[in-house]
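Enquirer: Sending over a structure as structure tokens; questions will come in a sec.
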Amino acid sequence: MATNESVGIFSSASLAVEYVDSFLPENPLQEPFKNAWNYMLNNYTKFQIATWGSLIVHEALYFLFCLPGFLFQFIPYMRKHKIQKDKPETLENQWKCFKVLLFNHFCIQLPLICGTYYFTEYFNIPYDWERMPRWCMLLARCFGCAVIEDTWHYFLHRLLHHKRIYKYIHKIHHEFQAPFGMETEYAHPLETLILGTGFFIGIVLLCDHVILLWAWVTIRLIETIDVHSGYDIPLNPLNLIPFYAGSRHHDFHHMNFVGNYASTFTWWDRIFGTDSQFHAYYEKKKMGKKTE
Ligand SMILES: [Zn+2]
Ligand SMILES: [Zn+2]
């Protein structure tokens, strides 16, 4: 019964989206994207696309999204938007971080990425253009992945802060008290596996086309690099997303090693009161400004 109801809701939502979509102008990028996608399918095997394609997408996007934050340290105007102004980035820390990242990406993540092809084969995940979901459906599934990942991250991240295990695994991610974009995946290999699991649960439950893997990795990287950037940029469009945690939220976690355990949204920290110190800190700052 419940399944029938949810199928009904899903198909009505699809119809509503189809209806709204019929009024939107044609996407001028659709044709070139279709050609590029079909070129890829015609010239590479599924194994090459799933393995090397995923590796290239991850590496290219990771460093591309880290680039603005990296450049901000050389732009004096951006200094006023740095959250922990008393702890500027150092090239020494960034170089150290970069070396660990390369190890993590190629020795821990690459073997995991190699499983992508077998995953898509086992679950019959399509690669073809014809069965690629519409952008809005893709976005809805990515949102579902984000909610699942955020929930997993909140509880497992909080567990990693338990005083009996903190020093063995999660301490590495907290080496730099003022975070910077590249630090996003600077972590103990076990942490990469434990917290990374949250990324894959959504895929296992919601993947209906190989494009979802790349769309979800893109959204997850934008979000996690933004919250580690160390900068609170005005007019950041991500801050318009309801319940989006944002950079101040996670920056506070790195500054104090406590509270604000969620990765993307604020609701779990709100429900369990683990954001109270964060709110008290900014409340005090606001009061201080008023009395100045
Ligand atoms: Zn972090
Ligand atoms: Zn932590």
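Enquirer: Right, Phe143: more than 14 Å from ligand 2 (Cβ to nearest atom), under 27 Å from Gly53 (Cα atoms) and surrounded by 21 or more Cβ atoms within 10 Å (Cβ to Cβ) or not?
Expert: No: the conditions fail for Phe143.
Enquirer: Related question: Please find, within the stretch 174-217, the residue that is nearest to Leu55 (Cα to Cα) out of those that are charged (D, E, K, R) and open to solvent by 20 Å² or more (accessible area, probe 1.4 Å).
Expert: That would be Glu185.
Enquirer: What residue, of Lys163, Lys167, Lys171, is open to solvent by 50 Å² or more (accessible area, probe 1.4 Å) and either under 29 Å from His81 (Cα atoms) or within 14 Å of ligand 1 (Cβ to nearest atom) (or both)?
Expert: Lys171
Enquirer: Which residue is most open to solvent (accessible area, probe 1.4 Å), if the candidates are limited to the stretch 261-292 and must be among the aromatic types (Phe, Trp, Tyr) and over 23 Å from the mean Cα position of the chain (by Cα)?
Expert: The selected residue is Tyr281.
Enquirer: Further question: Condition test on Thr184, is it of a type in the set (S, T, N, Q) and either on the phi > 0 side of the Ramachandran plot or within 14 Å of ligand 1 (Cβ to nearest atom) (or both)?
Expert: The answer is yes for Thr184.
Enquirer: Exactly one of (1) in contact (Cβ under 8 Å) with a residue 12 or more places away in the chain; (2) out of contact with any strand residue (DSSP E or B) (no Cβ under 8 Å at 6 or more places or on another chain); (3) small (Gly, Ala, Ser) is unmet by Ala60. Its number?
Expert: (1)
Enquirer: Scan the stretch 165-180 residue by residue and report those that are under 18 Å from Asn256 (Cα atoms) and either assigned to a loop (DSSP other than H, G, I, E, B) or more than 10 Å from ligand 2 (Cβ to nearest atom) (or both).
Expert: The answer is Ile165, Lys167, Ile169, Ile172, His173, His174, Glu175, Phe176, Gln177, Ala178, Pro179, Phe180.
Enquirer: While we're here: State which residue is farthest from ligand 1 (Cβ to nearest atom) when the search covers only the stretch 220-265 and only residues that are part of a loop (DSSP other than H, G, I, E, B) and aromatic (Phe, Trp, Tyr).
Expert: Here the answer is Phe243.
Enquirer: On to the next question. Has the stretch 146-160 got any residue that is in contact with an Asp or Glu (Cβ under 8 Å, 6 or more places away or on another chain), modelled with pLDDT of 95 or more and open to solvent by 30 Å² or more (accessible area, probe 1.4 Å)?
Expert: no
Enquirer: Looking at the stretch 250-260, can you tell me whether even one residue there is among the β-branched types (Val, Ile, Thr) and open to solvent by less than 40 Å² (accessible area, probe 1.4 Å)?
Expert: Taking every residue of the stretch 250-260 in turn, none turns out to be among the β-branched types (Val, Ile, Thr) and open to solvent by less than 40 Å² (accessible area, probe 1.4 Å).
Enquirer: Among the numbered conditions (1) touching a helix residue (DSSP H, G or I) at 6+ places or on another chain (Cβ under 8 Å); (2) closer than 19 Å to Lys87 by Cα; (3) in a helix (DSSP H, G or I); (4) more than 16 Å from ligand 1 (Cβ to nearest atom), tell me where Lys285 comes up short.
Expert: Going through (1) touching a helix residue (DSSP H, G or I) at 6+ places or on another chain (Cβ under 8 Å); (2) closer than 19 Å to Lys87 by Cα; (3) in a helix (DSSP H, G or I); (4) more than 16 Å from ligand 1 (Cβ to nearest atom) one by one, Lys285 breaks only (1).
Enquirer: Additional query: When the stretch 248-271 is examined, which residues are found to be free of Cβ contacts under 8 Å to residues at least 24 places away in the same chain and more than 12 Å from ligand 2 (Cβ to nearest atom)?
Expert: Within the stretch 248-271, Thr266, Arg270, Ile271 meet the criteria.
The values are calculated or read from the model by the stated rules, or taken from the named source; none is laboratory data. Note that the structure is a prediction, hence the values are computed from the model and not measured. Methodologically, a virtual Cβ is constructed for each residue, glycine included, from the backbone with ideal geometry; neighbour enumeration extends over all protein chains shown. The protein model used for the area step is the full one, side chains on, heavy atoms only, and it has no ligands, DNA or RNA in it. Shrake-Rupley method; radii C 1.70, N 1.55, O 1.52, S 1.80 Å.
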